[in-house]
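First the structure, in the form of structure tokens, and then the observations on it.
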Amino acid sequence: MPKAHVRKGDTVVVLTGKDKGKKGVVEAVDPTGGKVTVEGVNVVKRHNKPKPPMQPSGSITEKNNPIHISNVMLVDPKTKQPTRTRNKVEGDKKVRVSAKTGKPV
């Protein structure tokens, strides 16, 4: 089971796949399944059947499918570059810090 190194609201960059290089904001994290949903990444179209009273004709909706958590990397807010994170204890709190700059994320 992969450890969730990103959290909801983080900006990440995609490392592999059809959306390689895209940046987006994390919408949801599933640490038990090792999946993360990123805004604007792995977008798929779903065709909905017609439902006569509400939707007489069908519709096509787009949604973001999850991708594996190992395929994304956190973007450092200061340098705007992908970085790994480390945990650092400051006082009585554990804080995520950028491995490149050492600044809190």
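The values are calculated or read from the model by the stated rules, or taken from the named source; none is laboratory data. In this text, all values refer to a predicted model and were calculated from it rather than measured experimentally. Note that each Cβ is placed from the backbone with ideal geometry, even for glycine, and that neighbours are counted across all protein chains shown.
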Would a scan of region 13-25 turn up a residue that is in contact with a Ser or Thr (Cβ under 7 Å, 6 or more places away or on another chain), outside the structural domain of residue 105 (by TED's automatic domain parsing) and aliphatic (A, V, I, L, M)? yes
State whether one or more residues within region 81-100 are among the hydrophobic types (A, V, I, L, M, F, W, C), assigned by TED's automatic domain parsing to the domain that holds residue 3 and either touching a residue at least 12 places away in the same chain (Cβ under 8 Å) or out of contact with any Asp or Glu (no Cβ under 9 Å at 6 or more places or on another chain) (or both). no
Since residue 32 meets every condition but one in (1) touching a Pro at 6+ places or on another chain (Cβ under 8 Å); (2) assigned to a loop (DSSP other than H, G, I, E, B), which condition does it not meet? (1)
Quick check on my filter: what residues within region 56-95 are farther than 12 Å from residue 6 by Cβ and of a type in the set (A, V, I, L, M, F, W, C)? 60, 89, 95
